[in-house]
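Here is the structure we will look at.
The values are calculated or read from the model by the stated rules, or taken from the named source; none is laboratory data. These numbers were taken from a predicted model, which means no experiment stands behind them. When we count neighbours, we look across all protein chains shown, and the Cβ atoms used for this are built from the backbone with ideal geometry, even at glycine. Calculation scope for accessible area: heavy atoms of the full protein, side chains included, ligands and nucleic acids excluded. Shrake-Rupley method; radii C 1.70, N 1.55, O 1.52, S 1.80 Å.
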Amino acid sequence: MAAELDVLVVGAGFAGLYMVHRARGLGLSVEAVDAADGVGGTWWWNRYPGARCDVPSLEYSYGFDDDLQQEWEWTERYATQPEILSYLEHVADRFDLRSHLTLGTRIDRLSFDEDELRWRIHLDDGSARSARFVVMATGCLSAANMPDIAGADDFVGRTFHTGRWPHDPVDFAGRRVAVIGTGSSGVQSIPIIAEQAAHLTVFQRTPAYAVPAHNGPLHPADVAEIKADYRNWRAVARDSRPGYGGHVPRPELSALSVSDEERTAAYDTRWEHGGLLFLGAFNDLLLNTEANDTAADYLRARIAEVVDDPATAEMLSPDTIVGCKRLCLDSGYFATYNRDDVDLVDISASPIDRIEAGGIVVDGRLHEVDDIVFATGFDAMTGALDRIHIEGRDGRTLRDAWAAGPTTLLGLQVAGFPNLFTVTGPGSPSVLTNMVSSIEHHVDWISDVLASMTTQGRTTVEATEAAQQEWVAWVNAVADLTLFPSCNSWYLGANVPGKPRVFMPLPGFPDYVAHCTTVAESDYPGFTFG
Ligand code: FAD
Ligand code: NAP
């Protein structure tokens, strides 16, 4: 017989761990299942050289427990993958979550039993669970995107995907290495792989914009200042557009309203400070193409300053809207192309023909390599959900419901799938924010629904079709006011062949949070309860 639970959580990353903590705090029986052999989600899987966060560590962390945030000591402005992983392991131990975790086990299939009003869940170890509620904490960037390149199986060397990195150390010494992909994972790993390998060839389909990380050790006095006022810091962060950096003044000016000198000075200040808040220099960089062009020109000029060979600098210079793909942080990335043992191959016009036993063929030319690193990203936001057979009312699957693109109410529920929640789902700000802020907000909101249902003796909660349609139209309308949909990003699903082209996240974190609060305070209009 299947174990009976109140709440089954899929995933044990930032979202899954916090969901277990909150559900248990409500007195509910809860279990989280993760395919990984350990906790940490993203930080368990992505062990490639150079992996670290790009939101400052002091903010890319939980704020729900004051003792935790006071006690934990981050060592660098942007923490490394091992440090974030040990933080999440510490959280699992400190809050005694491990007895609620089943690790190294995938959930393949779940279906809603309309008679019993329970979810039936099937695990790949052959066991089953039955739960009143299911929370999908499956991650927006957890389903690796492995391109289908002809001949890949013939390659005799080693292959790696950044999001499925081995746990044993990988030694590139003396080897000729290829990296395919120049998004955040490529930009972080390329400088380090270049230092280790005998030769590195980077295959670039779209060049990336990057601003300096200026990473370094945290100064005790700065940390003490934040910790003295940590709760307020978190509150201000929740009220900011990206869900962090709330203490940085909000931009009030258009990039087009100031002189060239003032504009350059504003960009210089952000550049010297480093970090993704570069895009906050003006209030219209993601709203107005002309304004965005000024940032693009600035960033291209910076690339030309660093990269010695003008032809290489040109190849590395994007011609797209800055920020419509996630901006990257540079720790020696562009300078790496000045090395004699690093080559850049432009595959924008002529994609990889095939992979052969000895390397990668582009335009009929074989680039001989011993190892291939796929820094090719993820089937983002929907990929992890799409890989599970999720059957709601009337036997309808989520895959069918989302065949033309994901539809949700608030990014939290899908019509036809009662008592199933998605954390940072499509239709919520999610990947456009500091994700820990979004995760904590979603888990708290879900927990409040569960608490109110218990109090009121309600058994099911479900988004209505009408409210969902209205929400999807709203998300599209907001996205269309911005420049986000203007390039082939993973936000649009454009990186995965055949995926519907729909802008999935909702720009505007603080407004969204305020709206979710109003919904909760008004007894959840748009949701029906059984
Ligand atoms: P995840 O951490 O992705 O965890 C989801 C878990 O669900 C995984 O462990 C997976 O194994 C499990 N799972 C999925 N499907 C199943 C199934 N069917 N059965 C069992 N288990 C399943 N965000 C930021 O805001 N700032 C950053 O600096 C930042 N840096 C990042 C760096 C990298 C390299 C990557 C890839 C992402 C980064 N992100 C960043 C996004 C990051 O994914 C989130 O910040 C956060 O870690 C997500 O937590 P999560 O718990 O929602 O999902
Ligand atoms: P990504 O941003 O999607 O980048 C993937 C790269 O691979 C792109 O350059 C893409 O080119 C290329 N690519 C994909 N398929 C290809 C193919 N068939 N042939 C050739 N090139 C191909 O993925 P990512 O770098 O893993 O990052 C994903 C997200 O995770 C980030 O945007 C960020 O949110 C998060 N992340 C954060 C950090 C951090 O700094 N903290 C680090 C890593 C990841 P196109 O652009 O042309 O598609």
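Just a few scattered comments:
- Across region 16-35, the residues whose backbone nitrogen lies under 20 Å from the label position 7 Å along the beta-carbon direction of residue 99 are 17-34.
- Here the accessible area is traced with a 1.4 Å probe on the protein chains. For region 301-427, carbon and sulfur cover 45 percent of it.
- Translational D in µm²/s for region 389-521 (Stokes-Einstein at 25 °C, 0.890 mPa s, Kirkwood Rh from C-alpha pairs): 158
- Length released on extending from residue 523 to residue 363, taking residue separation times 0.36 nm less the Cα-Cα span: 51.5 nm
- Taking the charge dipole of the chain about its Cα centre, with +1 at Lys and Arg Cβ atoms and -1 at Asp and Glu Cβ atoms, the residue from 232, 49, 529 reaching farthest to the positive side is 529.
- Quotient of C-alpha Rg and 2.2 N^0.38 Å, computed over region 212-338: 1.18
- Computed helical MRE - 222 nm, the chain, DSSP H runs ≥ 4 contributing -39500 (n - 2.57), nearest 500: -9500 deg cm²/dmol
- Under the convention that each Lys and Arg Cβ holds +1 and each Asp and Glu Cβ holds -1, the size of the dipole of the chain around its Cα centre is about 840 debye.
- Simple point charges give the picture: +1 on the Cβ of Lys and Arg, -1 on the Cβ of Asp and Glu, and for region 191-344 a dipole about the Cα centre of about 940 debye.
- Longest to shortest principal axis, alpha-carbon extents of region 35-167, angstrom: 52, 52, 21
- Taking the C-alpha atoms of region 307-407, convex hull volume expressed per residue in Å³: 191
- Centroid-to-centroid separation of region 359-399 and region 113-190 [C-alpha atoms, Å]: 9
- Ligands, DNA and RNA are left out, and with a 1.4 angstrom probe the accessible area of the chain is 41 Å² per residue.
- Computed E for residue 396/residue 221 - FRET, C-beta separation, R0 51 angstrom, nearest 0.05: 0.35
- Projecting the Cα atoms of 141, 91, 172 onto the charge dipole of region 59-193 (Cβ charges, centred on the Cα centre) puts 172 farthest toward the positive pole.
- Cα gyration tensor, region 177-217 - rounded (a/c under 1.5), prolate or oblate: oblate
- Prolate/oblate/rounded label for region 95-136 (Cα gyration tensor, a/c 1.5): oblate
- Pairwise FRET efficiency - residue 108 versus residue 338, Cβ, R0 = 60 Å, nearest 0.05: 0.80
- Value of Rg to Rh for the chain (Rh from inverse mean 1/r over Cα pairs, i.e. Kirkwood): 0.96
- Dipole of the chain, positive direction: furthest Cα of 110, 23, 200, with charges on the beta-carbon: 110
- Per atom type, region 1-87 shows carbon and sulfur on 49% of its accessible surface, probed at 1.4 Å.
- Computed accessible area, residue 106, all protein chains, 1.4 angstrom probe, square angstrom: 90
- Check: region 303-418 dipole with +1 on Lys, Arg Cβ and -1 on Asp, Glu Cβ, in debye: 1020
- Evaluating kT/(6 pi eta Rh) at 4 °C and 1.567 mPa s, with the Kirkwood radius of region 153-274 over Cα pairs in the Stokes-Einstein relation, gives 69 µm² s⁻¹.
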